[in-house]
Amino acid sequence: MDEKVVILGAGAQAKYILEIFSISKSFKVECVIDVDNNPERLGKEIYGFKIQEWDKEYLLALKRKGLSKAIVAHGNNARKERLFIKAKEIGFELVNAIHPKSIIASTAILGKNIIVNAGAIIQPFARIANGVMVHSGVVVEHDDIIEDFVNLGPGVRLAGGVRVKKGAYIYTGACIIPKITIGVNSQVGAGAVVINDVPDNVIVVGNPARVLKKI
């Protein structure tokens, strides 16, 4: 496909996106922007692209030249949301990066700016909102609801009917039993087994998961 896209971010999530687009050919990357203007990254190359600094005027110029699509790549959920909003204000259409070796049910509903890595499975009638990061090996079961700007770490397993609220981060290998709710901005530690609802703004760890501290 000849449609061009700008990647807003130059960290790990940008690497995933570049790999996905190199395989799927769904979009042609125009440039990679380091939204944090990190001096350790600026000017270096990633997948053959020179990492450029965040400059709103440059992005507006790209938009005027007809480049209409972008995808935000950032590991911090709140920062990702702010960048998503800025990109929309500039006038970009936010697109998804879906690895061809993921499995997504035909009845699943996807929002915008979603990254789905290899080996992830999204089952029937699951709903994935905007800005969600789905790492490799994740299973999102039937009727799950994943709200905006959630990060699902590698190997996370969500049973059916789970709801993960906005801004939550579920770390590597955590398992959530059916019909559990994970609260807004909460974090589930690596390998945790969650058998009770998790309130907003807390960190839970262990098997069974318990509240470690408030955020």
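The values are calculated or read from the model by the stated rules, or taken from the named source; none is laboratory data. Everything numeric in this text was worked out from a predicted model, so none of it was measured. So basically every Cβ, Gly included, is an ideal-geometry build from the backbone, and we count neighbours across all protein chains shown. The protein model used for the area step is the full one, side chains on, heavy atoms only, and it has no ligands, DNA or RNA in it. Shrake-Rupley method; radii C 1.70, N 1.55, O 1.52, S 1.80 Å.
Using only alpha carbons, the range 18-94 has a radius of gyration to Kirkwood radius ratio (Rg to Rh) of 0.94. With the whole protein complex present, residue 99 retains an accessible surface near 20 Å², based on a 1.4 Å probe.
Among 87, 186, 117, whose Cα sits farthest toward the positive end of the charge dipole of the range 67-201 (+1 at Cβ of Lys/Arg, -1 at Cβ of Asp/Glu, about the Cα centre)? The one lying farthest along the dipole's positive direction is 87. Within the assembled protein chains, the solvent-accessible surface assigned to residue 47 is about 120 Å², based on a 1.4 Å probe. Only the Cβ atoms of Lys and Arg (+1) and of Asp and Glu (-1) were treated as charged; on that basis the dipole of the range 1-153 about its Cα centre amounts to roughly 400 debye.
Taking a Cβ cut-off of under 10 Å around residue 126, the surrounding Lys, Arg, Asp and Glu residues balance to a net charge of -2, with basic ones at +1 and acidic ones at -1. Exposed loop sites here are GluC sites (Glu not before Pro) in DSSP loop states with at most 15 other C-beta atoms within 10 Å. What is the longest stretch of the chain lacking them? Counting only loop sites that pass the neighbour cut-off, the longest clear stretch is 41-215.
On the range 45-160, 52 percent of the accessible area sits on carbon and sulfur atoms, based on a 1.4 Å probe. In the complete set of protein chains, residue-level accessible area for residue 140 is approximately 0 Å², probe 1.4 angstrom. The calculated Kirkwood hydrodynamic radius for the chain is 17.5 Å, given to one decimal from all distinct C-alpha pairs.
Taking Cβ atoms as reference points and 15 Å as the exclusive limit, the residues near residue 135 contribute a net charge of +3, counting Lys and Arg as +1 and Asp and Glu as -1.
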